[in-house]
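Provided herewith is a single structure, encoded as structure tokens, for subsequent inquiry.
The values are calculated or read from the model by the stated rules, or taken from the named source; none is laboratory data. Just so we're clear, the structure is a prediction, and the values are computed from it rather than from any experiment. Quick reminder, even Gly has a Cβ in these numbers, built from the backbone with ideal geometry, and neighbours come from all protein chains shown. SASA here: full protein model, heavy atoms, side chains in, ligands and nucleic acids out. Shrake-Rupley method; radii C 1.70, N 1.55, O 1.52, S 1.80 Å.
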Amino acid sequence: MRIGNYDGRLVLAAGTAVIDVEEASGHRFDADPAAIYTRWEEFTAWAGSTGLPPGRPFVRELLGPPSPAPSQIFAIGLNYHAHVAETHRTAPEGFPVVFTKFASSLTGPVSTVELPADGHTDWELELVVVIGRAGSHIPEEAAWQHVAGLTAGQDLSERILQRMGPVPQFSLGKSYPGFAPTGPWLVTPDEFADPDDIELRCWLDGEQVQADTTANMIFSVPRLIHLLSGVTPLRPGDLVFSGTPSGVGLGREPQRFIAPGEVLVSRIAGVGELEQRFVASQR
Ligand code: ZN
């Protein structure tokens, strides 16, 4: 099953059409996409059993973030060995590097992003996990049962602010407006041949800059859910940006950062594409 946020309303995706959930369910489910995660099992049972009406066509520009109001956004650093190597750091052992992206940075999949003035803005394509069932101390074997679905995300990062000061401060430099595009759909884990092996690719102005599979994560999705939920309870609608593969601008020689006018296309197999167009700072 694929669901989306279409102009602020919860929809089911059906090919090139979307079906409004509030209308199709006779108002059993609310139109607010953020509200569905607390009723996830009831919702998926309904969506799987009901005869759905035909959908209506949609435009990508009106898609919003599939989970627009998460209570927590976790983001994982240094979760692919090749990315650890390109950043000249050492791989984490035992526990991942965890930070947050503030919720005000969330947008839908197609957006225009203003580059911070005098910044070095970089790309980081990531598989994003959306939690569907609350839990603490979730065993690794049960972790997928707590996942509503998967979506694509860009962990856009302004590297100067991120690395300023006596210790890196990841969260602010990764939370400028528009720095967390997600979408286009939330896709349930059963739709993937292997949800632990999903291909990610992204292109900056047509040049492929990242290509890998989530099978190469240091901490897998189940391991991340187990470790995070051992510290803080996970809640329906929460997001986990699961880390980026190699190929970011910071790790290239020479380094490359996003320039005004450039377009970033990010694709996750089985999920779909993000498309960000960048403009110069307006301040
Ligand atoms: Zn990241």
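If you line up the long axis of helix 40-49 against the longest principal axis of the chain, both from Cα atoms, how many degrees apart are they, to the nearest 10?
Value to nearest ten degrees: 60.
A further question follows. Under unit Cβ charges (Lys, Arg +1; Asp, Glu -1), what dipole magnitude, rounded to 20 debye, does the range 1-116 have relative to its Cα centre? Provide the component values of the computation, followed by the final result.
Working: 8 positive and 12 negative charges, 33 e Å.
Here the range 1-116 has a charge dipole of around 160 debye.
Separate question: Provide W46, W123 ordered by accessible surface of protein heavy atoms (probe 1.4 Å), highest first.
On the way: W46 25, W123 0 Å².
My answer, sorted largest first, is W46, W123.
Under 5 Å between amide hydrogens, which residues at least 5 positions from A14 or on another chain qualify, with H placed 1.01 Å from N in the peptide plane?
I19
Test of understanding: in a Gaussian network model of the chain with alpha carbons linked when under 10 Å, which of V129, V147, V98 would top the mean-square fluctuation ranking?
Top of the fluctuation ranking is V98.
With just the Cα atoms defining each centre, how far is the range 92-156 from the range 51-71? Give it in Å.
19
Further, regarding this structure: For the range 206-245, list log₁₀ I(q)/I(0) at each q in 0.29, 0.34 Å⁻¹, using the Debye formula over Cα point scatterers of equal strength and ignoring solvent, two decimals each.
Here log10 of I(q) over I(0) equals -1.06, -1.23.
For a quick check of understanding: with a 1.4 angstrom probe and all protein chains in place, what accessible area in square angstrom does I73 have, to the nearest ten?
Taking all protein chains as shown, I73 has close to 10 Å².
Pop out the ³J(HN,Hα) list for the range 236-243 in order, Karplus 6.51 cos²θ - 1.76 cosθ + 1.60 with θ = phi - 60°, rounded to Hz; leave Gly and Pro as x.
Working through the residues one at a time gives x, x, 4, 10, 10, 6, 8, x Hz.
Please report, in cubic angstrom per residue, the volume enclosed by the convex hull of the alpha-carbon atoms of the chain. Before the final figure, lay out the partial values.
Details: hull volume 35.8 nm³, N = 283.
Convex hull of Cα atoms, per residue: 126 Å³.
Separate question: Which of A45, A103, A85 moves most in a GNM of the chain, Cα contacts under 10 Å?
In this elastic network of the chain, the residue with the biggest mean-square fluctuation among A45, A103, A85 is A45.
Note down the accessible area of H88, probe 1.4 Å, to the nearest 10 Å².
Counting only protein heavy atoms, the figure is 150 Å².
Over the range 137-262, calculate the relative contact order: mean separation of alpha carbon pairs under 8 Å at least 6 apart, over the residue count, as a percent. Mind dumping the intermediate values first?
Values: 138 pairs, mean separation 34.0, N = 126.
Computed value for the range 137-262: 27 percent relative contact order.
Taking +1 at the Cβ of each Lys and Arg and -1 at the Cβ of each Asp and Glu, which of I198, A215, F95 sits farthest along the dipole of the chain towards its positive end, judged by Cα position relative to the Cα centre?
So the residue furthest toward the plus end is F95.
I've got another one for you. Taking only C-alpha pairs under 8 Å that are 6+ residues apart, what is the relative contact order of the chain in percent? Please list the in-between numbers first.
Details: 717 pairs, mean separation 71.3, N = 283.
So the answer I get is 25 percent.
So, one more: For the chain, what does the accessible surface come to per residue with a 1.4 Å probe? Please give it in Å². Don't jump to the answer; show the numbers that get you there.
Numbers: 11800 Å² over 283 residues.
Each residue of the chain exposes 42 Å² on average to a 1.4 Å probe.
To continue, here is another question. To the nearest 20 debye, what is the magnitude of the charge dipole of the chain about its Cα centre, counting +1 on the Cβ of each Lys and Arg and -1 on the Cβ of each Asp and Glu? Walk me through the numbers on the way to the answer.
Details: 20 positive and 34 negative charges, 104 e Å.
The dipole of the chain has a size of about 500 debye.
Anyone know which of E158, E93, E199 comes out most mobile in the 10 Å Cα GNM of the chain?
Result: E93 has the largest fluctuation of those listed.
Consider all pairwise Cα distances in the range 147-283 and report the whole-number % of them above 20 Å. Present the calculation step by step, with values, prior to reporting the outcome.
On the way: 4872 of 9316 pairs.
So the portion of pairs separated by more than 20 Å is 52 percent.
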